[in-house]
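Worksheet for the structure shown next.
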Amino acid sequence: MPTRIHVNGREAVVDAALDTPLLYVLRNDLQLNGAKYGCGAAQCGACKIILDGRDVPSCVVPLSAAVGLRIETVEGLARNGRLHPVQQAFIDEQAAQCGYCTAGMVIAAKALLDRSPRPDEGDIREAMAAHLCRCGTYHRIIRAVQRAAARMTP
């Protein structure tokens, strides 16, 4: 049955069962491959998206729960050919190595800065606690979020 969802500022119609994890709909039906399958149990953060302003693991959110809500993926953050300040800060701080977890961390950082424009280091650590990075760039990630916060607040 066709289902309408709102993704990255646009309406999309997908033909998927309502109990399909949103991660699969984004990747398989809409070819939005930024969110990654990591654990499938909301434990690693690789699949994070923003759903109506909250960062959530898309691997455990059924399509039915997203109907009528705004979905943002890492692909939707850049505007007019310019990276979002969080994306640019991750590049500037070399916060990504293999890159597998990066999209989820960028999403979590954006969601944090949307709700708390001037987070302290503790706030950043808490927001990133649900993300696993095998490359160990955590100190760079914290600096990237701090850099993005500085750029985004006057």
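Go over the candidates ASP19, ASP92, ASP52 one by one and state the one that is in the same structural domain as PRO119 (by TED's automatic domain parsing) and not aliphatic (A, V, I, L, M).
Details: ASP19 fails: in the same structural domain as PRO119 (by TED's automatic domain parsing); ASP52 fails: in the same structural domain as PRO119 (by TED's automatic domain parsing).
The unique qualifying residue is ASP92.
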Name the residue, out of VAL7, VAL25, VAL86, that is crowded, with 19+ Cβ neighbours inside 10 Å and either among the charged types (D, E, K, R) or under 29 Å from HIS139 (Cβ atoms) (or both). VAL86
Please work out which one of (1) more than 14 Å from ILE141 (Cα to Cα); (2) hydrophobic (A, V, I, L, M, F, W, C); (3) not in a helix (DSSP H, G or I) is the condition ALA96 fails and give its number. (1)
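How about region 128-139: which of its residues are buried (at least 19 other Cβ atoms within 10 Å of the Cβ) and either at pLDDT 95 or above or in a loop (DSSP other than H, G, I, E, B) (or both)?
Correct list: HIS131, CYS133, THR137.
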Flag if ARG118 is part of a helix (DSSP H, G or I) and more than 18 Å from CYS47 (Cβ to Cβ): no
Conditions (1) in a helix (DSSP H, G or I); (2) in contact with a Ser or Thr (Cβ under 8 Å, 6 or more places away or on another chain); (3) outside the structural domain of GLU126 (by TED's automatic domain parsing); (4) of a type outside the set (Asp, Glu); number of the one not met by ILE107: (3)
Residue match in region 2-17 (condition: part of a loop (DSSP other than H, G, I, E, B) and among the charged types (D, E, K, R)): no
With criteria (1) surrounded by 14 or more Cβ atoms within 10 Å (Cβ to Cβ); (2) in contact with a strand residue (DSSP E or B) (Cβ under 8 Å, 6 or more places away or on another chain), LEU77 comes up short on (2)
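Report yes if LEU113 is out of contact with any strand residue (DSSP E or B) (no Cβ under 9 Å at 6 or more places or on another chain) and surrounded by fewer than 18 Cβ atoms within 10 Å (Cβ to Cβ), otherwise no.
Working: out of contact with any strand residue (DSSP E or B) (no Cβ under 9 Å at 6 or more places or on another chain): yes; surrounded by fewer than 18 Cβ atoms within 10 Å (Cβ to Cβ): no.
Answer is no for this residue.
The values are calculated or read from the model by the stated rules, or taken from the named source; none is laboratory data. All of these numbers come straight from a predicted model, not from anything done at the bench. Neighbour counts run over all protein chains shown; Cβ positions are idealised from the backbone, glycine included.
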